[in-house]
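One structure is given here, and the rest of the page talks about it.
The values are calculated or read from the model by the stated rules, or taken from the named source; none is laboratory data. Source: prediction; values computed, not measured. Virtual Cβ from ideal backbone geometry, glycine too; neighbours counted across all protein chains shown.
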Amino acid sequence: MSQPQDNSGYGWRAVVPATSANLGCAFDCGGLALRLYLRALFIPSAGAQLSLEYQGKTPERFPMASSNLVLHALRLAAQRLDAAPPAGHVLVQSDIPISVGLGSSAAAVIAGLLLGVQHSGKQGAPELILRWAEEIEGHIDNAAAAYHGGLVLALSNNVERVVVAKTNFPESIRLVIVTPSITVPTHQAREVLPKKYDRADVLHTLQRTSLLAATCFSGNFDLFPELFQDKLHQPYRQQLVPGMERCLNLRLPGLLGVAISGSGSSVIGFTTGDEMRVAEELQRIFAGEGVQTEATFTLADNNGACVTREPIPLMERIGAVLQKLEKS
């Protein structure tokens with residue numbers, strides 16, 4: 001078993017973007033990285049334990065147990081690269097709300113894997129990291145977009161390798177995210193989907209998925225509301241949050257389309273102007289159903305995840321040691 005490199009006085013910081021998967025018609029195969037970020041700092045230390053600290057959105061939904069996805073992914077990468085088990089303190093700071101369809105779990109997994117690779121002192125190929133992410137999460141769309149950035153289409157099921165195609169998403173298209181106070185656990189969103197589909201519904205969605213990929217990868221980005229209409233998952237998931245169906249059918253000047261973000265409960269609007277009005281109308285629809293919401297305005301992230309080695313200030317190292325002692 002190899003030993004990690006000497007990181008005394010240094011830590012590793014992984015920065016990973018949020019993601020919006022499915023994009024209406026690209027169910028389980030497409031995702032878009034967003035300029036909302038999870039930052040995970042790993043401060044190595046002697047010993048055998050990993051401690052964890054969280055600062056960020058929806059802290060009540062962030063698991064602090066050893067099964068936490070950042071810690072799990074960190075350990076898995078170290079193990080797969082034949083490195084010593086990681087020990088030290090992990091500080092997670094996140095702008096990404098949890099369990100609302102913005103890829104918080106994928107960001108946590110990618111961050112942990114990147115930190116584990118650095119801990120091992122070895123190289124981790126992108127395909128390998130994404131294969132591990134799929135093993136942990138079960139699907140690849142969010143993870144691939146979080147890792148590579150931009151608009152990503154990915155193939156992984158029933159093939160020997162992970163295949164990813166990425167294109168940068170234009171800054172001229174603004175993103176409006178409206179997040180209801182209601183959460184939709186992924187397992188619940190999966191349970192409402194039918195076991196079989198009509199051929200007409202599959203064809204309806206395939207046509208839109210193909211056109212979405214064609215226009216975006218050609219660089220035209222000729223997006224329009226009907227392009228985001230889907231018949232494989234949105235008709236079933238929109239029933240889980242009051243008002244969501246009306247949000248998906250919203251039409252306004254400059255609004256290119258609205259989709260459920262991931263499996264919900266957030267919706268994402270693509271607009272070329274007056275994003276404030278788009279947010280107000282989406283929030284008004286939810287409010288009419290008695291659902292409180294929060295609006296976020298952002299752009300696509302075209303850079304993807306990164307990890308850097310950086311010195312840890314003395315007081316931060318002392319604080320991590322004291323916290324570890326308090327928990328022992």
Being part of a strand (DSSP E or B) and either surrounded by fewer than 24 Cβ atoms within 10 Å (Cβ to Cβ) or not aromatic (Phe, Trp, Tyr) (or both): is that true of Gln118 here? no
Please work out which one of (1) without any contact (Cβ under 8 Å) to a residue 24 or more places away in the chain; (2) outside the structural domain of Leu130 (by TED's automatic domain parsing); (3) exposed (fewer than 15 other Cβ atoms within 10 Å of the Cβ) is the condition Gln188 fails and give its number. (1)
State yes or no: is Leu232 closer than 13 Å to Gly24 by Cβ, touching a Ser or Thr at 6+ places or on another chain (Cβ under 6 Å) and not in a helix (DSSP H, G or I)? yes
Flag for Gly273 being touching a Gly at 6+ places or on another chain (Cβ under 9 Å) and either surrounded by 19 or more Cβ atoms within 10 Å (Cβ to Cβ) or part of a strand (DSSP E or B) (or both): no
Please state which one of Pro235, Pro242 is farther than 17 Å from Leu175 by Cβ and under 23 Å from the mean Cα position of the chain (by Cα). Pro235
Being among the charged types (D, E, K, R) and either surrounded by fewer than 16 Cβ atoms within 10 Å (Cβ to Cβ) or touching a strand residue (DSSP E or B) at 6+ places or on another chain (Cβ under 8 Å) (or both) is the filter here, so list the residues in region 72-97 that pass it. Arg75, Asp82, Asp95
Qualifying position, being modelled with pLDDT under 95 and either part of a helix (DSSP H, G or I) or over 20 Å from Tyr37 (Cα atoms) (or both), among Val159, Val202: Val159
Candidates Gly257, Gly290 - the one that is in a loop (DSSP other than H, G, I, E, B) and either under 17 Å from Phe27 (Cβ atoms) or over 25 Å from the mean Cα position of the chain (by Cα) (or both): Gly290
Flag for Leu193 being of a type outside the set (Val, Ile, Thr), in contact with a His (Cβ under 8 Å, 6 or more places away or on another chain) and on the phi < 0 side of the Ramachandran plot: yes
When you look at Ile177, is it in contact with a strand residue (DSSP E or B) (Cβ under 7 Å, 6 or more places away or on another chain) and at pLDDT 95 or above, yes or no? yes
Subset of region 42-71 (residues that are out of contact with any helix residue (DSSP H, G or I) (no Cβ under 6 Å at 6 or more places or on another chain), touching a residue at least 40 places away in the same chain (Cβ under 8 Å) and either surrounded by fewer than 19 Cβ atoms within 10 Å (Cβ to Cβ) or of a type in the set (Ser, Thr, Tyr) (or both)): Ser45, Ala46, Gly47, Gln49, Glu53, Tyr54, Gly56, Thr58, Arg61
Would you be able to say whether some residue in region 44-67 is among the polar types (S, T, N, Q) and within 21 Å of Ala295 (Cα to Cα)? yes
